[in-house]
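Written out below as structure tokens is the structure these notes cover.
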Amino acid sequence: MNDRIISSKTRLCGVIGDPIEHTMSPAIHNAGFTKLGLDYLYVPFHVRKGELGKAIDGMRALNIRGLNVTIPHKVTIIPLLDELDPLAERIGAVNTVTNDDGVLKGYNTDASGFLQALLKRGIKPKGKNVVILGAGGASRAISFILAERGAHLVILNRQLKKAEELSSRLSTTFEKEVKALQLAAENLAQVLDGADILVNATSVGMSPDINETPLPSNLLKPGLIVVDIVYNPIKTRLLREAEEAGTETVSGVDMFVWQGVLAFEIWTGVKAPIELMRAEVIKGLQGHEKR
Ligand code: ATR
């Protein structure tokens with residue numbers, strides 16, 4: 001941000017969450033703003049659970065243009081907004097907010113970013129058998145968009161009850177059966193037989209636990225597409241073992257970059273410089289890995 005002049009005209013964006021110290025979002029958005037000469041600035045805000053209402057009042061009072069929303073606020077922010085994009089409404093989670101003259105609208109670019117990451121690789125969900133590991137917030141967004149696009153889903157989770165709740169919501173919304181199973185080796189072996197795509201939507205394998213994987217490597221077979229939403233490290237153990245087994249892989253970096261690109265475009269109305277934003281993420285993550 002060498003020669004940037006911050007003035008009363010500068011439009012402010014940011015991310016709210018707890019914890020917030022490892023976010024890569026300021027790096028990608030500020031790099032994009034600078035590259036395109038947009039008079040915008042993006043900052044991280046550490047907002048704890050009980051402070052969300054005040055933070056949203058602050059967004060209005062300070063005329064903040066846009067926010068990303070992360071753990072633990074993606075669901076609880078909904079009643080504080082004026083409008084919801086239909087996808088965010090159906091998912092029941094928001095990760096991006098715009099402020100148009102005091103009207104706050106929520107979007108879910110986690111879901112559309114995930115979809116975009118697949119589509120850009122030529123992977124179309126329609127008719128595919130998809131195995132999803134995890135039933136938390138990220139899984140909720142991903143499974144909704146995949147079901148909406150006509151994929152057949154099986155959801156496995158450590159806590160079976162959460163998988164059952166999510167699958168029953170999806171089954172009702174899309175009027176088709178979504179199976180729920182316990183995340184265990186024998187179930188994995190069974191559902192991967194005949195699967196086209198495997199998505200790890202758990203946090204297993206995330207730094208610092210980089211030697212963990214949600215899946216025994218002998219279940220990885222050529223022909224399967226393996227998608228990991230974990231992006232730190234860039235190449236998780238799951239993705240490494242998937243490559244070794246000859247499967248196609250999609251890294252969590254793609255989804256992260258795309259959710260950011262879509263938020264950037266919602267706030268600015270300008271096409272985001274995606275390659276530059278991706279390079280920023282990779283640079284930042286390689287910095288982490290060296291530390
Ligand atoms: P996110 O918003 O990233 O999805 P989350 O809502 O906390 O975060 O969900 C984390 C997911 O990772 C859950 O599916 C969780 O499984 P449980 O619901 O059973 O807790 C899964 N997860 C986290 N650590 C795990 C582990 N060691 N083994 C298996 N699953 C794990």
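The values are calculated or read from the model by the stated rules, or taken from the named source; none is laboratory data. Nothing here was measured: the structure is a model prediction, and the numbers come from that model. A quick note on method: Cβ atoms are made from the backbone with ideal geometry, for glycine too, and the neighbour counts reach across all protein chains shown. With ligands, DNA and RNA removed, areas are computed over all heavy atoms of the protein, side chains included. Shrake-Rupley method; radii C 1.70, N 1.55, O 1.52, S 1.80 Å.
Given H placed 1.01 Å from N in the peptide plane, which residues other than close sequence neighbours of Leu104 have an amide H under 5 Å from its amide H?
Counting only residues 5 or more places away or on other chains, the set is Asp82, Glu83.
Leaving out ligands, DNA and RNA, and with a 1.4 Å probe, what % of the accessible surface on the chain is carbon or sulfur?
Working: 7060 of 13650 Å².
Accessible surface attributable to carbon and sulfur in the chain totals 52 percent.
When the Karplus curve 6.51 cos²θ - 1.76 cosθ + 1.60 is applied with θ = phi - 60°, which whole-Hz ³J(HN,Hα) does each residue of the range 45-57 get, with x for Gly and Pro?
After applying 6.51 cos²θ - 1.76 cosθ + 1.60, I find 10, 7, 10, 7, 2, x, 9, 4, x, 5, 5, 6, 4 Hz.
May I ask you to list the trypsin sites (Lys or Arg not before Pro) in the range 43-97 that are in a DSSP loop and have at most 16 other Cβ atoms within 10 Å of their Cβ?
Details: sites: Arg48, Lys49, Lys54, Arg60, Arg65, Lys74, Arg90; in loops: Arg48, Arg65, Lys74.
When the trypsin sites (Lys or Arg not before Pro) of the range 43-97 are filtered for loop state and at most 16 Cβ neighbours within 10 Å, Arg48 remain.
So in the chain, what percent of DSSP beta bridges are antiparallel if you round to the nearest 5? Walk me through the numbers before you get to the answer.
On the way: 8 of 41 bridges.
Counting only bridges with both partners in the chain, antiparallel ones make up about 20 percent.
Any chance you could check the Cα centroid distance between the range 94-112 and the range 225-258 for me, in angstrom?
Their Cα centres are 28 Å away from one another.
Starting from the amide H of Val43, placed 1.01 Å from N in the peptide plane, find each other amide H under 5 Å away whose residue is 5 or more places distant or on another chain.
Cys13, Gly14, Val15
What ³J(HN,Hα) values, in whole Hz, does the Karplus curve 6.51 cos²θ - 1.76 cosθ + 1.60 give for the range 81-89 when θ = phi - 60°, with x put for Gly and Pro?
Using θ = phi - 60°, the values come out as 9, 8, 9, 10, 5, x, 5, 4, 5 Hz.
Using each residue's phi in the range 197-212, evaluate 6.51 cos²θ - 1.76 cosθ + 1.60 at θ = phi - 60° and report the 3J(HN,Hα) Karplus result to the nearest Hz, with x for Gly and Pro.
Running phi through 6.51 cos²θ - 1.76 cosθ + 1.60 with θ = phi - 60° gives 9, 10, 10, 8, 10, 9, 9, 5, x, 6, 3, x, 8, 6, 8, 8 Hz.
First select every other residue whose beta carbon is under 12 angstrom from the beta carbon of Arg60; then total the charges, Lys and Arg +1, Asp and Glu -1. The partial results should precede the final answer.
On the way: positive: Lys54, Arg65; negative: Asp57, Asp82, Asp100, Asp101.
Local charge sum for Arg60: -2.
Using amide H atoms built in the peptide plane, which far-off residues or other-chain residues are under 5 Å from Gly205 H to H?
The list, which skips near neighbours in sequence, is Glu212.
For the chain, with every protein chain kept in place, what is the accessible area per residue (1.4 Å probe, Å²)?
Computed with neighbouring chains in place, this is 47 Å² per residue.
Based solely on its DSSP helices, what 222 nm [θ] is calculated for the chain when runs of n ≥ 4 H residues each add -39,500 (n - 2.57) and the sum is averaged over all residues, nearest 500 deg cm²/dmol? Walk me through the intermediate numbers first.
Working: 10 runs with 117 residues, N = 291.
Value at 222 nm, helices only, nearest 500: -12500 deg cm²/dmol.
List the pair-distance distribution P(r) of the chain, using every Cα-Cα distance, as the percent of pairs falling in each 5 Å bin from 0 up to the bin containing the longest distance, rounded to whole percents.
1, 5, 12, 16, 18, 16, 13, 9, 5, 2, 1, 0, 0
Run the dipole for the range 122-250 about the Cα centre, Lys and Arg Cβ at +1, Asp and Glu Cβ at -1, nothing else charged, and hand back the magnitude in debye, nearest 20. Spell out each step's value before the answer.
Values: 15 positive and 15 negative charges, 66 e Å.
With Lys and Arg at +1 and Asp and Glu at -1, about 320 debye.
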